Amino acid sequence: MGAVKALRVTAVAISVAIVAGCGGNTGGTAGVSPTATTLASATPTPAPIKVRAAYGNVTPANLAPFYAKEKGIFLQNGLDVDLSLIDGGGKSMAALLGNSVDIAQLGGTETMSAYVGGGDVQAVALFVPVSPWVLMAPSSYTGPNDLRGKTIGVASKGGSSEVAAVQQIERLGLKTSDVTILATGSVANLTAAMLANQVYAGPGHPPDTAALFKAGYKVIMDLAAQNVPAVENCTIVTKKYASEHKDVMQKYVDALIQAIVAMKKDKPGTIPVMQKLLNVTDQDALSQTYDYYVTQIFPVYPTVAPKEWNYSRDELAKTNAAVKDLDVTKVIDNTFVKNAQDRKVGG
């Protein structure tokens, strides 16, 4: 019996040793290490969805997507956004319609012009619902009559700067036939043309106005001070893309709203991003730009509503008769912003 008992003890000891060696006493599955079990059961993180996006001008109005890209907010929302500059709203719209990009950041006036021209486009967010443009002229300017026979520069034909210029000319008591309106191609080109005296006057906004002030230009008509409605900068997509990629669009809009909230809370952290976007080193100009755009203009929820679009359509119709009877609800879609607002994405 003693020999049998000894054999039993030995067998038990061997069994315990085998189980222990296989990790049986660590709480894992026998024969499988806890690490292996964890790895096998972990859900792989899905790769971020690639999105091709573009912005049409180097302007503070495009700060939200640029900030979202720089600060990794797009990635946090599962998007790998390739954000590129296609200088000029017209060129950006062409890239969108040609399927070179999925999403474009540009003006609502270009969007309405494209739609009546047969483009399958719509706006899903509006960042600048009031006109930020001031009409600048040389210090020698004494009154509206100085504009007669002169060339007024704008960024692009049918764009927001042209709409602003027409409004400013009329508010000064003149007609567009009293001046020559020249499209320069982009906001950067417009500022350069004014500084080179290639055009007599033109609409501008921060930070470009800082350089114009230093060059001796002055404000002769301020639409911003009059709180004139506008559709200055929007997120534009084709209706086809939005319909087929609703999840992507929601993530994109969510990221933009999160970017706006973050910018409003962190001026010191936003200034360097703005400096990179605008390629401006003048800290006073950057500070003024932040205070104007981020603090005063950008809404937390960039809603697209008929009010601003109807007003801008009527102004655009003065230079593009094709939009006169446009039903603006056909070019705006507020569902993505409303979804984000219902979920309190912006707090």
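The values are calculated or read from the model by the stated rules, or taken from the named source; none is laboratory data. Everything quoted here is computed from the prediction, not taken from an experiment. Here the Cβ is made from the backbone with ideal geometry for all residues, glycine too, and neighbour counts use every protein chain on show.
Tell me, please, whether a residue that is at pLDDT 50 or above, at negative phi and touching a Leu at 6+ places or on another chain (Cβ under 7 Å) can be found in the range 33-49. Yes: one or more hits. If you go through the range 90-120 and keep only what is within 19 Å of Glu315 (Cβ to Cβ), more than 13 Å from the chain's Cα centre (by Cα) and either crowded, with 20+ Cβ neighbours inside 10 Å or assigned by TED's automatic domain parsing to the domain that holds Ser156 (or both), you end up with Gly90, Met93, Thr109, Glu110, Thr111, Met112, Ser113, Ala114, Tyr115. Taking the condition of being more than 12 Å from Lys150 (Cα to Cα) and among the β-branched types (Val, Ile, Thr), how many residues in the range 170-213 meet it? Residues in the range 170-213 being more than 12 Å from Lys150 (Cα to Cα) and among the β-branched types (Val, Ile, Thr): 4 in total. Any residue at all in the range 218-231 that is on the phi > 0 side of the Ramachandran plot and not assigned by TED's automatic domain parsing to the domain that holds Ala123? Yes, that holds for at least one residue. I'm checking my understanding of the structure. Among residues of the range 224-242 that are part of a loop (DSSP other than H, G, I, E, B) and surrounded by fewer than 24 Cβ atoms within 10 Å (Cβ to Cβ), which one is modelled with the lowest pLDDT? Of everything passing the filter in the range 224-242, Ala224 is modelled with the lowest pLDDT. Check whether at least one residue in the range 228-235 is touching a residue at least 12 places away in the same chain (Cβ under 8 Å), more than 20 Å from Gln105 (Cα to Cα) and of a type in the set (A, V, I, L, M), and report yes or no. Yes, the range 228-235 has at least one match. For the range 70-108, what are the residues that are basic (Lys, Arg) and under 26 Å from Thr191 (Cα atoms)? Once the filter is applied, which keeps residues that are basic (Lys, Arg) and under 26 Å from Thr191 (Cα atoms), the range 70-108 yields only Lys91.
Residues that are of a type in the set (Lys, Arg) and surrounded by fewer than 19 Cβ atoms within 10 Å (Cβ to Cβ) are absent from the range 251-261. Can you tell me which residue within the range 296-330, out of those that are β-branched (Val, Ile, Thr) and at pLDDT 95 or above, is surrounded by the most Cβ atoms within 10 Å (Cβ to Cβ)? Checked the range 296-330; the qualifying residue surrounded by the most Cβ atoms within 10 Å (Cβ to Cβ) is Val304.
Of everything in the range 243-271 that's assigned to a helix (DSSP H, G or I) and of a type in the set (D, E, K, R), which residue is farthest from Phe336 (Cα to Cα)? Among them, the one singled out is Lys267. Do we have Tyr141 as within 21 Å of the chain's Cα centre (by Cα), over 22 Å from Val58 (Cα atoms) and of a type in the set (Phe, Trp, Tyr) here? So Tyr141 does not fit the description; no.
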